Amino acid sequence: MHRHHERNQALLARYYCDLVARHRELQAADAKRQRAPARTRRGTYAGPIVHHVDLPYVGSTEAFTNMRQSVAEKATLMARFRGLLEGQLDTFPFHQPANIIHGAGGFSGILAGLVTTRAVEAGFARAGGEIRQIYGVSAGVLNGFFYAVQVAAMRYPDLYSPSARNALADLESFFATISPGKIARLNRRPRDLWTGWANLGPLEDFLLERLAAYTGSRHAGQITFDDIGLPLTVAAAL
C-alpha cells in the first residue's frame, strides 16, 4: 500500500507540474499578445485563469469526530466560512465558461463547499457564464455531485424532475441530521472483512435514492453519467 501510494504521489506531482508549466506558457503568450500593436492582434482570446479559493480545514482529523463537530456547529461553521470567503471571488470572471473543482476537507469541508458553491452559483447566474465540467475529490465528490445535478437539470430539463434543480438543498438537509449510521455500516460477515471493517452502503443508498428522485428511474444504480448528461468527474488517488 505504501509503495503504491508513493508511486501515485509521484505521478500526481508530475501531472500537476506539467499543467503548471503549460499554464505559464499560455499566460506568457497572452501577455505577449497584449503587448503587440493593436493592428496585429487577432481575435479577443484571453488566456485561461486559475482561481483558487482558500478555506482551511476545521475540526478534528478523525472522520466521525469531525462529522459530529460539524453537525453540532453547522450554522457557526457556515457563517465562519462565509466570512473567510469574503472577497475571494471578487475578481473571478463569472461571465466566462469555467470548470469547477471541489477539493477535500472532511465533513467540515462539505460545509465549506456548500458555502462556496452557493456563492459560485450566484456569480454565474448574475454574470451569465457557463459551467463546462465539475470535478470532485474525497469529500468534494458530494458537493460536486449535487451541484452537477443542478447544472444538468437546467441544461437537460427533459432528463430530470423539477426537484433536481434544488439538489444542493438536499445535501444541506442530509447534513443537518447526519450520523455515522447514515454514512457507513460494519462488515459483520467474515468474508467481507477483507475490504475493511466497514462499508459505505448507507451513503450509497442515500445517493441512489436521490438519483432515482431526480431522474424518475427505477434502476438508478444502472445510470451512467452520460445517460443523464452529468458534467461530473470524480477524482481519487489510492
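The table below gives the values:
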read-out: Likely footprinting exposure, I49, I134, I183, fewest C-beta neighbours within 10 Å first; value: I49, I183, I134
read-out: Segment 81-165: equivalent-ellipsoid semi-axes (sqrt of 5 x gyration tensor eigenvalues, Cα, Å); value: 20, 17, 11
read-out: Estimated [θ] at 222 nm from DSSP helical runs (n ≥ 4, -39500 (n - 2.57)) normalised by residues in the chain, nearest 500; value: -17000 deg cm²/dmol
read-out: E121, E62 arranged by Cβ crowding within 10 Å, fewest neighbours leading; value: E62, E121
read-out: Kyte-Doolittle at least -0.5, axis length at least 27 Å by Cα - qualifying DSSP helices, the chain; value: 106-127
read-out: DSSP loop trypsin sites (Lys or Arg not before Pro) with at most 15 other Cβ within 10 Å: longest gap in the chain; value: 43-187
read-out: Ordering of 199-206, 141-148 by packing [mean C-beta count within 10 Å, highest first]; value: 141-148, 199-206
read-out: Whole-Å distance, taken between Cα centres, linking segment 155-185 and segment 78-107; value: 20 Å
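Taken together, the values in this text are just the output of simple stated rules run on the coordinates, not laboratory data. Because the structure is predicted, anything quoted here is derived from the model rather than measured. Counting neighbours? That spans all protein chains shown, and the Cβs are built from the backbone with ideal geometry, glycine included.
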